């Protein structure tokens, strides 16, 4: 925090509005990972505390295992033994944490593709198209994700017939489709918002250069929107990834379902907390760097228009 | 009567909406909707309180407090809410009841749903409030100082009202998301709309009809909230700030 006060005129330049009463509203620029790590590491007492807790847990854990006469493995051993299963899934099928990531990739790809068209539909000059796109966007934006999952998991057919041959539709494929719908609606809003935020001059100059409306959208408007759309799009990717464990409720063998199976099989209360924390740390390690990158891009793109 | 019409609809057309003519099904369905409403309300209030506290602690003089608040925010933002709710309901509850020597858990599923969802949404609220407070320019505060306001008065009459109006759109987005997230409480058997709908369609075997009823109910609930919040947002918008 420096003490120099920003002169009034630069506020005017920053806000670019007719009434420069406030600074632009921006969500907190998060500290980069390295800085947060350093912050925590520089707290020597906090680090020592965490280390002490971890060591205490390991030693208590080992002591309990000892006192049971070596008949039961310690909690740490148990967790490490099950880790490959929870991460890769049962051998020979898609599952585990990798399935969470796979579902998030595919749902994002489908959702982005559909959402792009829906977003363009929202600025269509044809009245019914515009209204229908708006309605579809609002419906899927305002539905809870779990409700959509239930709806499409239970009402889509569990097998399809193609050319006289029956194919079973795997649960995760239906789940992927169901998860891609809210992504579609939110991408649609991102596209619409980004297009609306471009200066009208862009449209007018394209018109004066005799571009057709289709040409204007695809080669002038959308390329400029990519920069504005990227940070919120990445943010939605994180939200989607954090929602993938919901598919375990519908019986898909993702990391959450497998973790619960492990807990039921072991039936030991002392592994509950470490095992949940272990699972959460994977999601954290996957999502946190993306979140930091998003915030950095946001700050970089926010400066110049 | 209208109820008779729904019975007729079930008998002749096979569209079986038991909740409109069967007292028992109707009773539990609307109790479920009511549970969703008060679960959402309590979580909204608690998450706003947590957000205010978090935003305030982020300004703390002590580095360790700031570090802990930041750790809390990043932890809840970057882990799946479903795993969080399981963690609280199964792991933390077992640990605490073991420790305190109470058998059968200290809080029911409703209590843990409230705690877990409030912490989840509170982490987002803390960042939103902090950003709002930081958006109030120094010059406005200086003007208030030059008019003889004390620090507490500046906070109460200048900073907070402006910050609130600026962060309202982001706050609304998060609160609407919170209402949608209350469906996750299904996983720990809180009898909210999704859970009771599931019970009804298991008992009555009217999956398709109940599915549409449930979806429509959520759309109405969330849609009403979106509409009210949007109106409110528009009416107290700071003029000349932000895009259109």
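Just so you know, all these numbers are worked out from the coordinates, no wet-lab data involved. Keep in mind that what you see is a predicted model, and the values were worked out from it rather than measured. Note that each Cβ is placed from the backbone with ideal geometry, even for glycine, and that neighbours are counted across all protein chains shown.
Observations, loosely collected:
- Label point distance in nm, residue B:145-residue A:123, each placed 7 Å from Cα along Cα→Cβ: 4.4
- Compared with the alpha-carbon gap, the fully stretched path from residue B:66 to residue B:103 is longer by 9.7 nm at 0.36 nm per residue.
- Note on residue B:9 and residue A:91: the model spin-label points, each 7 Å out from Cα along the C-beta direction, lie 5.5 nm apart.
- Mean Cβ count within 10 Å, highest first, over the residues of peptides A:171-183, B:160-172: A:171-183, B:160-172
- Taking A:299, B:130, B:77 and counting other C-beta atoms within 10 Å, the order from fewest to most: A:299, B:77, B:130
- Protection proxy ranking of B:227-235, A:85-93 - average other beta-carbon atoms within 10 Å, highest first: A:85-93, B:227-235
- Averaged over the residues of peptide A:275-283, the number of Cβ atoms from other protein chains lying within 10 Å of each residue's Cβ is 4.
- Average other protein chain Cβ within 10 Å of Cβ, residues A:245-255: 3
- Alpha-carbon centroid distance for the pair region A:215-253 / region B:169-191, whole angstrom: 20
- Within 10 Å of each Cβ in B:67-80, the average number of Cβ atoms from other chains: 6
- Anisotropy class of chain B from Cα gyration tensor, a/c 1.5 cut: oblate
- Part-to-part distance (alpha-carbon centres) for region B:121-142 and region A:133-184, which is given in Å: 39
- The residue A:230 and residue B:1 beta-carbon pair, evaluated with R₀ = 51 Å, returns a calculated FRET efficiency of approximately 0.35.
- Mean residue ellipticity (222 nm) of chain B, computed from DSSP H runs ≥ 4 via -39,500 (n - 2.57), nearest 500: -24500 deg cm²/dmol
- Relative packing of peptides B:144-157, A:95-108, B:201-214 - highest average C-beta neighbours within 10 Å first: A:95-108, B:201-214, B:144-157
- Nearest 10 degrees, 0 to 90: helix B:23-57 Cα axis against chain B principal axis: 10
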